[in-house]
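No lab work stands behind these numbers, since they all come straight from the coordinates. All values reported here derive from a predicted model rather than from experimental measurement. Cβ: placed from backbone, ideal geometry, glycine included. Neighbour counts: every protein chain shown.
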């Protein structure tokens, strides 16, 4: 039964067990664990990774070029350069990533998204949003952006592949409110769903060969953003 679980789910369950303080609790938790996975048809790792009490655990999370503020969900502050808060013990390849994101309607100051297939603070892929373009009819086509750092930042993609790695968002959410995002990643296709509407997909193998790595919250240059309800479901292998 243990071996039928996806390794990422197993690691998180095991981490919980070995941190219990008494042997009796370990045994009891182990029995619950075995019962919970009995008959499980597929891997489904849907823990809420964004709860505030886990963010200070540096064995689980790495913070880069930002400070964390514990508001509703997790808030990353504004600073020059891109910022990240990523999970250390996830090696995600294909599957789904879901979360709620909140930016703001501040022109040129709100870039918020999710990074994946990360190998370092400089090497990762990401999908991010420009909320200040959501309700701008002239700029809505620049609402969603795919990037692959370090080789393909947004400006290089826009110049070399105009319109191919960014997209409009219709219907568009309130730029100052929470919106729900789901990424369905089946390399080389990344499908983006916002508030239950499939809005676009990107074929990324021409610019990114990375197929696994960490997952993290992402904010762009001088941007701040909020995140909550992160759920990760690796594809069944």
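Results for (1) touching a residue at least 12 places away in the same chain (Cβ under 8 Å); (2) on the phi > 0 side of the Ramachandran plot; (3) touching a strand residue (DSSP E or B) at 6+ places or on another chain (Cβ under 9 Å); (4) not in a helix (DSSP H, G or I), shown as yes or no for each residue.
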| site | (1), (2), (3), (4) |
| --- | --- |
| 114 | yes, no, yes, yes |
| 128 | yes, no, yes, yes |
| 146 | yes, no, yes, yes |
| 157 | yes, no, yes, no |
| 163 | yes, yes, no, yes |
Original post:
What are the residues in segment 165-176 that are surrounded by 14 or more Cβ atoms within 10 Å (Cβ to Cβ) and in a loop (DSSP other than H, G, I, E, B), if any?
Top reply: 165, 168, 169, 172, 173, 175, 176
